[in-house]
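S.K.: Submitted below is the structure of interest, expressed as structure tokens.
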Amino acid sequence: MTNLIEEEVDAIVNAANATSIGGAGVDGAVHKACGPGLATECRTFARVNGDWCPTGTVRVTGAHDLTKVKHVIHTAGPVGENPDLLASCYREAIKAANENKLTSIAFPSISTGIFGYPLESAAKTAIKTVAEELKKPGTLREVRWCFLDNRESFNAYRKALDSQG
């Protein structure tokens, strides 16, 4: 298990909040590591129905003070269990990585913290979606998983990966 903000990849994915910038959990850690320039850049995005990053979509920014990565791909996951919206977060992040000609990306476990998505269900959706997206043409070659909490997330994602075959 590694810390998302310590990864050396082209992009990290920030589990963002749709309505606010630089909240708690992954979002807070990413904003702290990237410095104030990240929040400033995030505020430049047009709001959609009041959200700076609508649920299931992504916004791509620079990494600012986080020098080991080129971009931060922000996505706001669903509150509670919604497989379609969660899958959209992963799908859109991979699409953005390919559009920006990135070769490596690191994901957290989106929505399983304060958003309350059940961990095992989220892991299955994440692994299935990423596996499907990686079969499509694109520049992305490496996907890493990073968890802030403990071995529980690691074990859930490993189980989901093992069940993919």
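S.K.: At q = 0.08, 0.09, 0.19, 0.21 Å⁻¹, what is the base-10 log of I(q)/I(0) for the chain according to the Debye formula with one equal point scatterer per Cα and no solvent? Please give it to two decimals.
M.R.: So the normalised log intensities work out to -0.20, -0.25, -1.25, -1.56.
S.K.: Tell me the relative contact order for the chain as a rounded percent, counting alpha carbon contacts under 8 Å between residues six or more apart. Walk me through the numbers on the way to the answer.
M.R.: Details: 326 pairs, mean separation 42.5, N = 165.
Relative contact order here is 26 percent.
S.K.: Can you give the extra length, in nm with one decimal, that the chain gains between Arg43 and Asp162 once fully stretched, where that is 0.36 nm per residue apart less the Cα-Cα distance? Write out the running numbers ahead of the final one.
M.R.: Details: separation 119, 0.36 × 119 = 42.84 nm, distance 3.98 nm.
In short, 38.9 nm is gained.
S.K.: Next question, about the same structure. Please give the Cα centre distance for segment 1-80 versus segment 101-127, rounded to the nearest Å.
M.R.: So the two Cα centres are separated by 14 Å.
S.K.: Roughly how big is the chain's charge dipole about its Cα centre, with Cβ charges of +1 (Lys, Arg) and -1 (Asp, Glu), in debye to the nearest 20?
M.R.: Details: 18 positive and 19 negative charges, 57 e Å.
Roughly 280 debye, rounded to the nearest 20.
S.K.: In addition: Binning every alpha carbon pair distance of segment 1-97 at 10 Å from zero, what are the percents per bin?
M.R.: All Cα pairs considered, the percentages come to 18, 52, 28, 2.
S.K.: Of the listed pairs Lys101/Lys136; Lys68/Lys128; Lys101/Lys124; Lys68/Lys95; Lys70/Lys159; Lys32/Lys136, which have alpha-carbon separations greater than 25 Å here? Spell out each step's value before the answer.
M.R.: Values: Lys101/Lys136 14 Å; Lys68/Lys128 28 Å; Lys101/Lys124 27 Å; Lys68/Lys95 21 Å; Lys70/Lys159 30 Å; Lys32/Lys136 34 Å.
Where the Cα-Cα span goes over 25 Å, the pairs concerned are Lys68/Lys128; Lys101/Lys124; Lys70/Lys159; Lys32/Lys136.
S.K.: Divide by every residue of the chain the summed helix terms, -39500 (n - 2.57) for each DSSP H run of at least 4, and state the resulting mean residue ellipticity at 222 nm, rounded to the nearest 500 deg cm²/dmol. Intermediate results must be reported in sequence, preceding the final value.
M.R.: On the way: 5 runs with 64 residues, N = 165.
One gets -12000 deg cm²/dmol as the mean residue ellipticity at 222 nm.
Each reported figure results from applying straightforward, stated rules to the coordinates on display, with no laboratory input. Since the structure is predicted, the reported quantities are computational estimates derived from the model, not experimental observations. So basically every Cβ, Gly included, is an ideal-geometry build from the backbone, and we count neighbours across all protein chains shown.
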